[in-house]
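Worksheet: the structure to be examined is printed underneath.
Read the figures in this text as sums done on the coordinates, not as results from a lab. Fair warning: this is a prediction, and the values are worked out from it, not measured in the lab. Don't worry about glycine lacking a Cβ; one is built from the backbone with ideal geometry, like all the others, and counts go over all protein chains shown.
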Amino acid sequence: MEHQMGKHIDAYTYKRRPVRLLYYCEFTDVNLAISTEKQIKKWSKAKKQALINDEFEKLPNLSKKKFS
């Protein structure tokens, strides 16, 4: 709600309103929540879209492969 109202002028989302929540997950451990958010932020757009659409079976195939 704070993002939507623009409560924090220095926040990343302040100039990117309106903000739409497309996916959320509840955690009992704040550290796990933070690490999961950081992990998802690194995902490709296609992988994030699969998560939003509850297409969990697609997630492994959408992982970026690193070749040496």
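Observations, loosely collected:
- Pairwise Lys count, the chain - Cα closer than 21 Å, eight or more residues apart or different chains: 29
- Label selected from (i) 19, 13, 12; (ii) 35, 11, 4; (iii) 26, 15, 14, the criterion being semi-axes √(5λ) of the Cα gyration tensor in Å as computed here: (iii)
- Counting every other Cβ atom within 10 Å of each residue's Cβ, Val19, Val30 order from fewest to most as Val30, Val19.
- Helix-only [θ]222 nm of the chain, DSSP H runs n ≥ 4, -39500 (n - 2.57) each, per residue, nearest 500: -9500 deg cm²/dmol
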